[in-house]
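Report on one structure; see the data block that follows.
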Amino acid sequence: TSANLFAVIDGVIVTPPKSTSLLHGITRDVIVELAKLNGLPIEERSLLPKELDIADEVFISSSTMEAWPVDQIDGKPVGNGEPGLVWQKVDELFQGYPASPELNETVYDELVIPAYNIHQNIYWVES
């Protein structure tokens, strides 16, 4: 994988646990720790494809793109089709997290991601 998946279901952030078939993402680890430290309910467990159909929010993380919301899956809107409050809080916490000195922060200042136009294909690997 090149990104990590998070779904918000009934107010709880759910993300698959680390495994041999999952990217051990640094950004994922930071998001999990920030959620725990700030009292956001989070579970590391397997996520079923059908759970994404009922998720209020879905977002993806990677080191190069940080965390960004997914507005649709298979052409169907996630939640109300707009970035949700939990993602906004996670993004706020992440943006406040101290940046590594070796990162060129000006690159991130110039990077604009249109959250409403992001379409991610999610593939499932049965293990």
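Just so you know, all these numbers are worked out from the coordinates, no wet-lab data involved. Note that the structure is a prediction, hence the values are computed from the model and not measured. Backbone-built Cβ (ideal geometry, glycine too); neighbour counts: all protein chains shown.
In this label model, D74 and K36 are separated by 3.3 nm, measuring between points 7 Å along each Cα→Cβ vector. Under 5 Å between amide hydrogens, built in the peptide plane, is the criterion, and for K18 it picks out nothing among residues at least 5 positions away or on other chains. Between L85 and L22, the modelled label-to-label distance comes to 2.7 nm, taking each label 7 Å out from Cα in the direction of the beta carbon. The Cβ shell under 12 Å around E82 holds other residues with a net charge of -3, Lys and Arg each +1, Asp and Glu each -1. Computed from phi, the 3J(HN,Hα) profile of the range 72-86 under the Karplus parametrisation 6.51, -1.76, 1.60 (θ = phi - 60°) reads 8, 10, 6, x, 9, x, 8, x, 8, x, 10, x, x, 5, 5 Hz, with x in place of Gly and Pro. Here's how it looks for V78: its modeled amide H is under 5 Å from those of Q72, I73, which are all 5 or more places away or on a different chain. Extent of the range 31-97 along its three principal axes (Cα atoms, max minus min coordinate, largest first): 33, 22, 21 Å. Amide H contacts under 5 Å for I42: I13, restricted to partners 5 or more places along the chain or on a different chain, H placed in the peptide plane at 1.01 Å from N.
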